[in-house]
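First comes the structure, then the notes that go with it.
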């Protein structure tokens, strides 16, 4: 009962996160960065909540989980279609993981729409391009971010957007990390219920960043004014 309820609640929050991300993306297309910030305040709050849900799941003992884990397939969280939609919507197009997800025609069409539509990462670059910044390579993006951070007063709405995006990315990574440790606590190094290698596979996902250049630019901040 606990496992089912927790994952049903996750699916509801994933649905809300997709709704908020779509609204934020539409705001970016209109250059309404303050409206996007309003969406991200709600997104961050939801992210904190879904991370805390791991605490509830960890009240289950490993031996209790192992009584039913073999009957989960294809109901593992690893196989959540909405979670893959979230990744696609943000620009992380890991189509290789779909080999473990059973999709009907409607779900496959949803994922294909997400995969081919401009992602949040794409929309961020378009906002920056319209403002006259270079975005054609990872190196150019890092230099653009340096310019914005070195003079936040002149680019304050962009600065706030970048801080919202890295917080979104960070909170996603924190939730992934909590999930990895929870899985290892439950099943050790056994194979995952969805067909993956379990904790070993989940550990590898911690390297995935939606906005890698926003992390890379931190190395250069505080080195003086960038011109």
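Taking 0.36 nm per intervening residue step and subtracting the Cα-Cα distance, what contour gain separates residue 163 from residue 109 on full extension? Please list the in-between numbers first.
Numbers: separation 54, 0.36 × 54 = 19.44 nm, distance 3.25 nm.
Once the chain is fully extended between residue 163 and residue 109, it gains 16.2 nm.
Sorted by packing (mean other beta-carbon atoms within 10 Å per residue), highest first, where do 168-177, 11-20 land?
168-177, 11-20
Residue 117 versus residue 2, label points 7 Å from Cα toward the beta carbon: distance in nm?
3.6
Rule-based calculations on the coordinates, nothing more; no lab input. In this text, all values refer to a predicted model and were calculated from it rather than measured experimentally. Quick reminder, even Gly has a Cβ in these numbers, built from the backbone with ideal geometry, and neighbours come from all protein chains shown.
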